[in-house]
Amino acid sequence: MSPSDSQIEQAAALLRQGGVVAFPTETVYGLGANALDPDAVRRIYEIKQRPSTSPLIVHVNSVHMARELTREWPLTAETLAGRFWPGPLTLVLPKAESIPDEITAGLDTVGIRMPAHPVAIRLLEAANLPIAAPSANRFTELSPTTAEHVRQSLGESVDLILDGGPTDVGIESTVLSLAGAQPVLLRPGMVSKADIEALIGPIEVAGALNPGPHASPGLHEKHYAPKTPLYLLPTGSPAPREGLGIHLFYSRPIRGIAQLRLPAEPHSYAALLYSTLHDCDHQGWDYIAVELPPNGPEWDGIHDRLLRASVR
Ligand code: TXA
Ligand code: MG
């Protein structure tokens with residue numbers, strides 16, 4: 001599934017005119033606008049119904065473009081971008097003057113990443129602009145991993161949706177701040193803490209379970225949740241004979257209980273997690289019960305999303 005050159009051109013033209021375009025990245029679909037156009041960026045917040053206190057990620061197609069959007073580009077940024085870009089790692093750095101406050105929610109820093117999806121890269125090249133894009137869902141909803149999820153959440157409110165098929169990584173990027181004295185992991189993802197530490201040494205962790213002074217605005221809110229109440233079961237709960245269970249409990253006996261299994265390997269699990277939860281939402285279950293996957297750095301991003309999605 002790949003949009004034609006003329007669809008990419010149309011999307012790029014819309015971005016240049018201040019439009020808002022949904023496009024695939026390797027993590028989730030993004031809701032994009034020209035990062036240098038404050039009015040276009042404001043439309044993103046309106047469409048998502050998201051409070052403007054939550055900053056947006058800027059997507060670039062080169063380290064050169066990233067450097068132009070920042071005041072400082074430390075060696076750690078060079079090293080991490082060299083290893084993980086294009087890919088699911090967002091770096092937070094002191095922002096350049098050209099970045100409007102609408103993107104950063106008034107912060108002096110900006111989150112930047114180079115996406116590893118051919119459609120995102122073609123769009124960035126055709127538009128020749130940095131593209132601000134949060135996930136293409138309404139605020140607090142589950143992020144979209146297909147164009148159909150975007151249509152269901154945002155529908156007519158977006159100028160254009162580019163369909164690049166289902167995304168491969170399946171959960172949002174890892175967010176790492178390099179703006180302070182110490183690197184701080186703000187949001188875990190499939191580039192793990194261990195992957196980062198192997199290159200730049202020990203990093204601090206901020207997050208829902210360990211809120212610190214560096215935590216991102218918006219980090220502690222309920223996010224990424226299906227409409228069906230989601231409960232977590234302890235790791236190793238009985239039922240699945242292989243793989244990790246998503247058990248769907250339904251209270252009316254006539255429908256009974258269904259059990260789904262996700263792969264026991266973190267990358268394959270993440271790739272299927274949101275689409276499985278979107279499917280469960282459509283099936284009208286009373287509850288979703290998810291067995292927590294094992295501990296370990298490669299599962300941190302998945303644990304984080306499941307905790308946020310769950311009823312607590
Ligand atoms: O994979 C992804 O990151 C997707 C795709 C579309 O790139 N985008 C995404 O965007 O998940 P969003 O807006 O749903 O999440 C952005 C995250 C939030 O946790 C936000 O707080 C953090 O990045 N963030 C962005 N800029 C920041 C900044 N200047 N300082 C601290 N945190 C920042
Ligand atoms: Mg989001």
- [ ] Give Gly170, Gly165 a once-over and let me know the one that is away from ligand 1 (no atom under 15 Å from the Cβ), within 17 Å of the chain's Cα centre (by Cα) and in a loop (DSSP other than H, G, I, E, B).
- [x] Gly165
TODO: Tally the residues that are in a loop (DSSP other than H, G, I, E, B), under 16 Å from Thr27 (Cα atoms) and away from ligand 2 (no atom under 16 Å from the Cβ), restricting the search to region 146-162.
DONE: 1
Open item on the list: Which condition from (1) open to solvent by 20 Å² or more (accessible area, probe 1.4 Å); (2) modelled with pLDDT of 95 or more; (3) over 21 Å from Ser310 (Cα atoms) is the one that Glu156 breaks?
Closed with: (2)
Task: Single residue of region 130-145 satisfying the filter (assigned to a loop (DSSP other than H, G, I, E, B) and open to solvent by 30 Å² or more (accessible area, probe 1.4 Å)) that is modelled with the highest pLDDT - done: Arg138
TODO: Look at Val41 and say whether it is in contact (Cβ under 8 Å) with a residue 60 or more places away in the chain, over 25 Å from Ser275 (Cα atoms) and β-branched (Val, Ile, Thr).
DONE: yes
- [ ] Can you confirm whether region 108-130 contains a residue that is within 14 Å of ligand 2 (Cβ to nearest atom) and closer than 25 Å to Gln17 by Cα?
- [x] yes
- [ ] Scan region 266-283 for residues that are more than 16 Å from Gly301 (Cα to Cα) and more than 16 Å from the chain's Cα centre (by Cα) and report the count.
- [x] 6
- [ ] Find the residue count for region 50-63, including only residues that are β-branched (Val, Ile, Thr), within 19 Å of Ala126 (Cα to Cα) and assigned to a loop (DSSP other than H, G, I, E, B).
- [x] 1
Open item on the list: Looking at the structure I just gave you, is Ser6 touching a Gly at 6+ places or on another chain (Cβ under 6 Å) and not hydrophobic (A, V, I, L, M, F, W, C)?
Closed with: no
Task: Exclusive hit being open to solvent by 20 Å² or more (accessible area, probe 1.4 Å) and either aromatic (Phe, Trp, Tyr) or not in a helix (DSSP H, G or I) (or both), set Ala198, Ala179 - done: Ala179
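Take the residues in region 202-238 that are modelled with pLDDT of 85 or more and not in a loop (DSSP other than H, G, I, E, B); name whichever of them is nearest to Gly180 (Cα to Cα).
Across region 202-238, the extreme among qualifying residues is Glu204.
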Task: The listed residue being at pLDDT 95 or above and in contact with a strand residue (DSSP E or B) (Cβ under 6 Å, 6 or more places away or on another chain), out of Val63, Val41 - done: Val41
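Output yes when any residue across region 286-294 is part of a helix (DSSP H, G or I) and open to solvent by 10 Å² or more (accessible area, probe 1.4 Å), and no when none is.
The answer is no, given that none of the residues of region 286-294 is part of a helix (DSSP H, G or I) and open to solvent by 10 Å² or more (accessible area, probe 1.4 Å).
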Open item on the list: Just to check your reading of the model, which residue among Glu102, Glu97 is part of a loop (DSSP other than H, G, I, E, B) and more than 11 Å from ligand 1 (Cβ to nearest atom)?
Closed with: Glu97
Task: Unique residue being surrounded by 18 or more Cβ atoms within 10 Å (Cβ to Cβ), within 9 Å of ligand 1 (Cβ to nearest atom) and assigned to a helix (DSSP H, G or I) when the list is Ala66, Ala120 - done: Ala120
Task: Cross-chain or 6+ apart pairs with Cβ under 9 Å, region 13-35 first and closer than 16 Å to Pro118 by Cβ, then assigned to a loop (DSSP other than H, G, I, E, B) and at pLDDT below 95 - done: Pro24/Met1
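The values are calculated or read from the model by the stated rules, or taken from the named source; none is laboratory data. All values derive from a computational prediction rather than experimental measurement. As a convention, Cβ positions derive from the backbone with ideal geometry for all residues, glycine included, and neighbour counts pool all protein chains shown. When the accessible area is computed, the model is the full protein with side chains, heavy atoms only, and any ligands, DNA or RNA have been set aside. Shrake-Rupley method; radii C 1.70, N 1.55, O 1.52, S 1.80 Å.
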